[in-house]
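The structure under discussion appears below in the form of structure tokens.
The values are calculated or read from the model by the stated rules, or taken from the named source; none is laboratory data. Only a predicted model underlies this, so the values are computations on that prediction, with no experimental measurement involved. Cβ placement follows ideal geometry from the backbone for every residue including glycine, while neighbour counts extend to all protein chains displayed. Protein only, heavy atoms only, side chains kept; ligands, DNA and RNA dropped before computing areas. Shrake-Rupley method; radii C 1.70, N 1.55, O 1.52, S 1.80 Å.
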Amino acid sequence: KMLVNLDTIDFGNVLVDSCSDDTTIEIYSTGRSNLIIDSLVLHPPVPDYKIKTLFPDTIPPGGTLNVVLSFCPDSVKCPIASVLEIYSNAGDSTVALSGCGIQPHAILNPDTLNFGRVHLGDCKDTFAYIIDTGSSALTITRESLGDLTHFKILDPLPITVAAHDSARINLEFCPSDTSTVSTVDTIISNAPESPNLLTLIGSGKIGVLSLPKVIDFGLVHLDSCKDSIIYATNIGNDSLI
């Protein structure tokens with residue numbers, strides 16, 4: 001005789017291209033002679049379920065056999081269902097299997113951040129949104145900047161974004177001159193789109209005062225005065241006080 005301790009297993013939500021924890025089914029031999037487990041077959045033969053125990057196997061009277069299963073979804077789908085058929089010399093038994101394949105999806109909005117012109121000596125912060133349009137939490141584990149001289153990442157990592165939610169990616173730009181510079185923030189996450197690339201652009205600005213080096217009043221009669229005009233010109237690309 002055969003007794004199976006479970007008739008249903010729900011593996012729950014499992015990330016695509018990963019596996020659940022192992023689940024064990026216990027098969028008991030409750031008769032007076034050896035119980036022979038001929039085979040275990042999935043109907044339909046869903047490849048997402050992995051049978052880790054080899055068969056055939058023999059269980060003596062009063063003995064127990066542990067059958068180890070895991071769920072490894074390769075696509076986003078819910079539910080992914082199958083039935084495990086246990087064939088033995090004591091008849092057949094079934095265990096219903098179900099689970100969901102889930103996956104985050106990462107979208108950047110916008111995919112380019114233009115800090116514009118920033119006054120030399122100052123810094124400017126701005127941000128982009130990373131949106132999880134998938135069915136499981138998105139985890140950002142790493143950001144990498146190509147230019148660490150002018151740009152800075154402001155967020156502590158990791159960043160976790162719930163499914164159908166969003167988070168801000170905060171960055172800072174500090175110009176060192178008036179030239180335009182650009183770099184890419186490479187964002188690494190558990191989404192299939194990883195890495196997401198965020199382009200950063202910025203330039204510096206400063207006011208530059210230009211004055212004549214010499215003022216020549218010419219000849220002025222004693223006991224009189226002469227007025228003259230000089231022009232202070234801003235030849236920079238920012239306002240000048």
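What to note about this one:
- Restricting attention to segment 49-63, the residues that are surrounded by 14 or more Cβ atoms within 10 Å (Cβ to Cβ) and not in a strand (DSSP E or B) add up to 2.
- If the condition is being within 12 Å of V16 (Cα to Cα) and not in a strand (DSSP E or B), then segment 80-104 contributes Q103, P104.
- Restricting attention to segment 1-13 and to residues that are more than 20 Å from D74 (Cα to Cα) and open to solvent by 80 Å² or more (accessible area, probe 1.4 Å), the residue that is nearest to the chain's Cα centre (by Cα) turns out to be T8.
- Options V16, V67: the member that is buried (at least 18 other Cβ atoms within 10 Å of the Cβ) and closer than 26 Å to L138 by Cβ: V16
- Taken together, the criteria place T23 among residues that are of a type in the set (V, I, T) and surrounded by 14 or more Cβ atoms within 10 Å (Cβ to Cβ).
For (1) open to solvent by 40 Å² or more (accessible area, probe 1.4 Å); (2) of a type in the set (A, V, I, L, M, F, W, C); (3) under 26 Å from N13 (Cβ atoms), each residue gets a yes or a no:
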| position | (1), (2), (3) |
| --- | --- |
| V83 | yes, yes, yes |
| Y87 | yes, no, no |
| G101 | no, no, yes |
| D111 | yes, no, no |
| V118 | no, yes, no |
| C123 | yes, yes, no |
| Y129 | yes, no, yes |
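- Members of segment 106-128 that are outside any strand (DSSP E or B) and touching a Cys at 6+ places or on another chain (Cβ under 8 Å): D122, C123
- Of the residues making up segment 134-161, those that are over 22 Å from T180 (Cβ atoms), open to solvent by less than 70 Å² (accessible area, probe 1.4 Å) and β-branched (V, I, T) are T139, I140, I159, V161.
- The listed residues are H105, H119, and the only one of them that is under 19 Å from H164 (Cα atoms) and in contact (Cβ under 8 Å) with a residue 12 or more places away in the chain turns out to be H105.
- Flag if D74 is surrounded by fewer than 19 Cβ atoms within 10 Å (Cβ to Cβ), at pLDDT below 95 and of a type in the set (D, E): yes
- Residues being without any contact (Cβ under 8 Å) to a residue 40 or more places away in the chain and either touching a Cys at 6+ places or on another chain (Cβ under 9 Å) or within 16 Å of E85 (Cβ to Cβ) (or both) are represented in segment 37-45 by at least one member.
- Cβ separations smaller than 6 Å between residues 6+ apart or across chains give the following pairs from segment 64-79 residues that are in a strand (DSSP E or B) to residues that are open to solvent by 40 Å² or more (accessible area, probe 1.4 Å) and among the aromatic types (F, W, Y): T64/Y28.
- Of the residues I80, I107, I102, I51, the single one that is of a type in the set (A, V, I, L, M, F, W, C) and over 30 Å from T133 (Cβ atoms) is I51.
- Residues being over 19 Å from L209 (Cα atoms) and either in contact (Cβ under 8 Å) with a residue 12 or more places away in the chain or open to solvent by 100 Å² or more (accessible area, probe 1.4 Å) (or both) - total across segment 219-241: 8
- Failed item in (1) of a type outside the set (G, A, S); (2) modelled with pLDDT of 95 or more; (3) touching a Lys or Arg at 6+ places or on another chain (Cβ under 8 Å), with T24 passing the rest: (3)
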